1. Points 7 angstrom from Cα along the Cβ direction at residue 320 and residue 4: gap in nanometres?
2. Rounded to the nearest 0.05, what FRET efficiency do residue 11 and residue 328 have when you use their Cβ-Cβ distance and R0 = 25 Å?
3. How far is it, in nm, from the label point at residue 81 to the one at residue 195 when both lie 7 Å from their Cα along the line to the Cβ?
4. Give me the extension gain from residue 225 to residue 187: residue separation times 0.36 nm, minus the current Cα-Cα distance, reported in nm with one decimal.
5. Once all Cα-Cα distances of the range 10-335 are split into 10 Å bins that start at 0, what whole-number percent is in each one?
6. Relative contact order of the range 29-165, please, whole-number percent, based on alpha carbon pairs below 8 angstrom and at least 6 residues apart.
7. For an R0 of 45 angstrom, estimate the FRET efficiency from the Cβ-Cβ distance between residue 268 and residue 311 and round to the nearest 0.05.
8. Between helix 267-284 and the chain, what is the angle of the helix's C-alpha long axis to the longest principal axis, kept within 0 to 90° and rounded to the nearest 10?
Ligand SMILES: NC(=O)c1ccc[n+]([C@@H]2O[C@H](COP(=O)([O-])OP(=O)(O)OC[C@H]3O[C@@H](n4cnc5c(N)ncnc54)[C@H](OP(=O)(O)O)[C@@H]3O)[C@@H](O)[C@H]2O)c1
C-alpha cells in the first residue's frame, strides 16, 4: 500500500529491535470536536489515516482519553478499512487519564463516585484500561502501551508489576511512559530491573524549541539507558509553524496549550524563537514546520517526534523536510532566545 513515493526512514525504537518510522503520527486530532473544537471527525480522519499509511508511516500514537475513546475507535477502523498490514504497524496508546462518559475534555473529578478506579496507574485500572483499548482499537495486541502520567498515590511497584503482567499476557509488546519526572521514570525502571520485570523502552515527553526543560534530566537519562525519546508536540502544537497572528482552526487551542504547558517568562521569548524559525525557513526556502522539526531531529536522543496531522499537505511537507540538516550556527540561533521556564505539570 505504499503507492505514494515517500522519503520515509525507519529507526529502532531505542535499544529495542522494533522499527518505527522516523515520524510518528499522533491521533489526538481524530475524534469528536465536542472534545476539542479543532478535532476532525470520523469519516475525514479515517480517510486521512489511509493517506498517511500510504506514505510509509507505520507508527501511530493515540490514547484512551483522546475524544474519550473515539480516537482509538477511528484508528482501529482505518486499520481495517485500508487493510493495513498488522505486521508492519506499530500501534501505541496510553492509559491513566479517565475516559469520560460524555465528550467533555475536562479530567473527571477524582472524588466522583462514578470515576473511582477509572483512572490512574493501579493494577485494577491498568488491567481494565488495556482491555477497553483493545476493544476500541479492535486489535489483539498493542505494540507500545504507555502510562500517560504517574499517580503519586500508587506504589511504583504496583504499576510496574501490573505492566509486566500485561506484557506477559500477550496483550502488549513494549511499555513506555509519558511526561513524568525523570527521577521517577528512572526509579520505575530500576524496580523493574531488580525484579526481572519488563522495563520502559520509550519516553513520550513534551519537547520542542519553546519547551526544553527535559534537556536537564530526562534526555541524558534516556540517552544513557538506551530509552527511545518520542517527543509530543514537536511543533509546539503549531505555535512554531507560523506567526502569532496567523489564524488556523487550531490556533486558539495552540494558545491554550502554550499557556498550559510552555509558559514563557514573557510571551515575547516564544515570539523571538518563532522569528528565528521563520527567518531560517525563509533563507533556506523551506517551511517553518520543517525547521522546527529538523531542530528536534538534530538531537541524537530523539527517536521519532509525534507530529499532529489533520491535513495531508502538512505531512507531505514534514516528510519532504526529513533531509533538512541545520548547521551549527542555525541551531545556535534557534536556541539562543530560550530562557528556562516553569516545568509543565506532571499531574492530571
Ligand atoms: N502524552 C501527552 O501528554 C501528549 C500531549 C499532547 C499531544 N500528544 C501526542 O502528540 C501528538 C502531536 O501533538 P500536537 O498536535 O500538539 O503536535 P505538533 O506536531 O507540535 O502540532 C501539530 C500542529 O502543527 C501544525 N502543523 C503540523 N504540520 C505542519 C506543517 N507541515 N505546516 C504548517 N503547520 C503544521 C498544525 O497546526 P494547525 O492545525 O493550526 O495548522 C498542527 O495541528 C498528538 O496527536 C498526541 O498523539 C501527547
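1. Label-label distance for residue 320 and residue 4, simple model: 1.3 nm.
2. 0.65
3. 4.1
4. Taking 0.36 nm per residue and subtracting the Cα distance, the gain is 12.5 nm.
5. 6, 27, 36, 24, 7, 0
6. On the way: 209 pairs, mean separation 33.7, N = 137.
Relative CO of the range 29-165 lands at 25 percent.
7. 0.95
8. 60
Every number here is computed from the coordinates shown, using simple stated rules; none is lab data. These figures come from a predicted structure and were not determined experimentally. Cβ sites come from the backbone with ideal geometry, for glycine too, and all protein chains shown count toward neighbours.
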